[in-house]
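The values are calculated or read from the model by the stated rules, or taken from the named source; none is laboratory data. Keep in mind that what you see is a predicted model, and the values were worked out from it rather than measured. Quick reminder, even Gly has a Cβ in these numbers, built from the backbone with ideal geometry, and neighbours come from all protein chains shown. Each accessible area value is taken on the protein alone, full model and side chains, heavy atoms only, with ligands, DNA and RNA left out. Shrake-Rupley method; radii C 1.70, N 1.55, O 1.52, S 1.80 Å.
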Amino acid sequence: QGVAHFIEHLCFNGTKNFEKNDIVNYFEKIGMNFGSGVNAFTSFEQTVYMLECPADDPEIFKTSMQILADWAHAVSFDPEEIEKERGVVIEEWRTTSQGINGRLSNFRINDMLKDSKHSERLPIGKPEVIKNITREEIINFYKKWYRPDLMSVVVVGDKKVSELEKVIVDTMNQIPAAEKKQILP
């Protein structure tokens with residue numbers, strides 16, 4: 001009903017190691033553009049975070065992997081940021097789904113996915129869910145679905161695999177293992 005999409009937005013608003021706008025500021029400082037070089041999307045079955053960072057600089061790559069690790073297990077969910085982001089997500093919903101193109105797209109999706117849960121759960125979500133979900137409910141969803149056993153990290157670049165792998169393993173090993181297996185619906 002939009003919680004995964006809401007969390008996608010909140011990941012950019014602060015983590016254990018990067019306060020509020022520090023993530024976006026860091027990437028812009030090293031020459032990456034929010035949107036083209038730093039982005040994320042939520043679809044029916046996954047949320048994807050994409051970073052096109054210069055992997056030839058070991059510190060930039062290490063910091064980028066730390067940000068991914070933080071997104072995976074250490075988002076701060078600052079109450080003030082949650083309130084600010086509600087409006088952003090609702091405006092995205094309005095601009096993408098309430099115009100003629102959005103309504104036609106929703107109609108086609110509902111028709112194609114008729115009789116499935118997907119037809120009732122568009123990734124953009126429902127405004128009433130975004131307006132009313134509590135911080136505790138957001139954190140519970142995050143803990144349930146943002147888990148190492150449900151994640152993948154894919155790196156593509158012109159570096160030795162062993163160098164990239166070491167940074168990824170060192171960084172991602174800080175994420176606690178899931179206490180119990182989550183069965184996908």
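Filtering the range 137-178 to residues that are among the polar types (S, T, N, Q) and under 18 Å from residue 67 (Cα atoms) leaves 152, 171, 173, 174. For the range 118-144, a tally of residues being under 17 Å from the mean Cα position of the chain (by Cα) and open to solvent by less than 70 Å² (accessible area, probe 1.4 Å) returns 9.
In the set (1) open to solvent by 50 Å² or more (accessible area, probe 1.4 Å); (2) within 29 Å of residue 17 (Cβ to Cβ); (3) charged (D, E, K, R), residue 147 fails one condition alone, (1). From the list 94, 103, the one residue that fits, being at pLDDT 80 or above, part of a helix (DSSP H, G or I) and of a type outside the set (A, V, I, L, M), is 94.
Against the numbered list (1) touching a strand residue (DSSP E or B) at 6+ places or on another chain (Cβ under 9 Å); (2) within 23 Å of residue 137 (Cα to Cα); (3) acidic (Asp, Glu); (4) surrounded by fewer than 16 Cβ atoms within 10 Å (Cβ to Cβ), residue 8 comes up short only at (4). Considered as a group, the residues in the range 13-37 that are within 17 Å of residue 139 (Cβ to Cβ) and not hydroxyl-bearing (Ser, Thr, Tyr) include one that is least open to solvent (accessible area, probe 1.4 Å), and that residue is 14.
For residue 142, the conditions (1) touching a residue at least 60 places away in the same chain (Cβ under 8 Å); (2) over 27 Å from residue 61 (Cβ atoms); (3) not in a loop (DSSP other than H, G, I, E, B) all hold with the exception of (2). Of the residues 82, 109, the single one that is open to solvent by less than 100 Å² (accessible area, probe 1.4 Å), part of a helix (DSSP H, G or I), closer than 19 Å to residue 134 by Cα and touching a residue at least 12 places away in the same chain (Cβ under 8 Å) is 82.
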